Amino acid sequence: MQNTQKSYSQSLQANYNDRLQEIRDMRDEINLVIDKLENATLTEMDTLMNQPKDSLKADAYSCTKIPDELKQLSDISRMWKIRVAT
């Protein structure tokens with residue numbers, strides 16, 4: 001009888017250890033999937049955050065060119081008026 005109880009107890013412990021390991025393995029797999037999802041999400045968020053910055057930089061660059069372009073137009077207009085007047 002004691003051998004049966006001891007055998008049952010050992011079998012129960014072994015089964016417990018096996019299930020515990022399965023749970024831990026599954027938890028590791030879930031954590032890997034969550035890490036991949038987090039990294040993909042952060043990459044997408046970084047892309048979305050940088051798009052307006054890039055657009056603003058391009059707009060700022062365009063705005064800095066406007067005074068020079070206006071001066072060139074003014075110079076051309078002035079030169080054209082001089083030619084027409086002569």
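One table, with the values for the structure above:
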| read-out | value |
| --- | --- |
| Evaluated at q = 0.19, 0.21, 0.25, 0.26 Å⁻¹: base-10 log I(q)/I(0), Debye formula over Cα of the chain | -0.95, -1.00, -1.09, -1.12 |
| Cross-link partners of LYS57 among lysines (Cα-Cα below 25 Å; sequence separation of 8 or more within a chain) | LYS65, LYS71 |
| Helix-only mean residue ellipticity at 222 nm for the chain, each DSSP H run of n ≥ 4 adding -39500 (n - 2.57), per residue, nearest 500 | -37500 deg cm²/dmol |
| 3J(HN,Hα) from dihedral phi, the stretch 27-43, Karplus parametrisation 6.51/-1.76/1.60, rounded to Hz, x for glycine, proline | 4, 4, 5, 4, 4, 4, 5, 5, 4, 5, 4, 4, 5, 5, 5, 5, 4 |
| Neighbourhood charge, 14 Å Cβ-Cβ cut-off, centred on VAL33 and excluding it, Lys, Arg +1 and Asp, Glu -1 | -3 |
| Positive-end extreme of charge dipole, the chain - chosen from THR4, GLN51, SER74 (charges on Cβ) | SER74 |
| Fully extended contour minus Cα-Cα distance, from GLN21 to ILE66, at 0.36 nm per residue | 9.4 nm |
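Readers should treat all values here as calculations from the given coordinates under stated rules, not as data from a laboratory. All of these numbers come straight from a predicted model, not from anything done at the bench. Glycine gets a Cβ as well: all are built from the backbone with ideal geometry, and neighbour counts include every protein chain shown.
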